[in-house]
1. Could you tell me whether the stretch 102-116 includes any residue that is part of a helix (DSSP H, G or I), among the β-branched types (Val, Ile, Thr), touching a residue at least 12 places away in the same chain (Cβ under 8 Å) and buried (at least 22 other Cβ atoms within 10 Å of the Cβ)?
2. Could you go through the stretch 57-67 and let me know if any residue there is among the β-branched types (Val, Ile, Thr), out of contact with any Pro (no Cβ under 7 Å at 6 or more places or on another chain) and in a strand (DSSP E or B).
3. Against the condition in a loop (DSSP other than H, G, I, E, B) and surrounded by fewer than 19 Cβ atoms within 10 Å (Cβ to Cβ), how does Leu95 come out, does it pass?
4. Name the single residue, out of those in the stretch 123-138 being farther than 14 Å from Ile210 by Cα and within 12 Å of the ligand (Cβ to nearest atom), that is surrounded by the fewest Cβ atoms within 10 Å (Cβ to Cβ).
5. Can you pull out every residue in the stretch 11-64 that is among the β-branched types (Val, Ile, Thr) and modelled with pLDDT under 90?
6. Only one of these is surrounded by 16 or more Cβ atoms within 10 Å (Cβ to Cβ) and of a type in the set (Lys, Arg): Arg141, Arg120. Name it.
7. Mind listing whichever residues of the stretch 189-220 are of a type in the set (Val, Ile, Thr) and over 25 Å from Lys3 (Cβ atoms)?
8. So which residues in the stretch 3-35 are basic (Lys, Arg) and buried (at least 17 other Cβ atoms within 10 Å of the Cβ)?
Amino acid sequence: MTKRVRKAVLPVAGLGTRVLPGAKTTPKNMLNVVDRPILSYIVEEARAAGIEHFVFIVGRGQGAIEDYFDSAPEIEQTLEAKGKTEILADVRRDLPHPGQMSFVRQMAPLGLGHAVWCARDVIGEEPFAVILPDMLMAAERPALAQAIDAYGKVGGNVVVVEPAPEGETHKYGIVALEGRDGRLNRMTGMVEKPPLGTEPSNLFISGRYILQPEIFALLESLPRGAGGEFQLTDGMAQLMARQDFHALEYEGTTYDCGDKIGLLRANVAFALRRPDLAAAARKAIEELL
Ligand code: G1P
């Protein structure tokens, strides 16, 4: 029996360099895809996978995230007075139950490994999920739920991967597999941002992880890795000496919203999936083309 995954860590402190200047005053994960911030979709995905507690690792100037997940009395009262019940329900949809969200400050941008380590006291001694909120994943069964299903089968640690675009493996964490049979395979190694030509496979770590709490002790004493940052991949590679890791190629489509074109693609794709907007969106796009 595996222990249930109840908590998720969402490292959101990144500067959003690829989507500046917009990300200067709006945290990059608060940029809209159609009419909701990216984080709204991410929280929805996590809830659908049974996550009950969200641990945001935030940086300075990201108060908008906390405000978004709080009630907004002026807006709500106005909508109520005007009888705009549908919009009101939509505004309230993302609100957590009291106590379901924690915000931890990462005081310096020292890397993903450091960001996850900042969550150690809030996570405690239980398995947890890590979600990279830049990566919006559209899937019939939500990506994190697929990862938790896989974890239920194999236990240990599970990392979602997918084939990297040709010639781009050096931008990501890349995994090595024991063999490739179906979508869930045992891993034998992983490396962060390997120089081109040295990558152990074409599969990159794309942003959903199920990890055991033993990772925290390893993150604590991690040497700096790729880019001079404390890398989660290096911590996981160490944990692999003691615990099982499986890579899951999930079924769905990933949009990298930390990137201009990725964000544009997500906007187009999510508008086309919305029953209330699809026809008008298609017409607008066709006219532009
Ligand atoms: C991070 C992770 C990397 C992963 C990538 C996915 O890198 O360190 O392993 O493949 O996210 O986007 P970053 O994008 O922060 O450089």
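The values are calculated or read from the model by the stated rules, or taken from the named source; none is laboratory data. These numbers come from a predicted model, not from an experiment. Neighbour counts run over all protein chains shown; Cβ positions are idealised from the backbone, glycine included.
1. yes
2. yes
3. Values: in a loop (DSSP other than H, G, I, E, B): yes; surrounded by fewer than 19 Cβ atoms within 10 Å (Cβ to Cβ): yes.
When the stated conditions are applied, Leu95 passes them.
4. Among residues in the stretch 123-138 that are farther than 14 Å from Ile210 by Cα and within 12 Å of the ligand (Cβ to nearest atom), the one surrounded by the fewest Cβ atoms within 10 Å (Cβ to Cβ) is Met135.
5. Result: Thr17, Val19, Thr25, Thr26.
6. Of the residues listed, the single one that is surrounded by 16 or more Cβ atoms within 10 Å (Cβ to Cβ) and of a type in the set (Lys, Arg) is Arg120.
7. As a first pass, look at the stretch 189-220 and keep what is of a type in the set (Val, Ile, Thr): 191, 198, 205, 210, 215.
Result: Val191, Thr198.
8. In the first step, residues of the stretch 3-35 are kept if they are basic (Lys, Arg); the result is 3-4, 6-7, 18, 24, 28.
Passing the criteria: Lys7, Arg18, Lys28.
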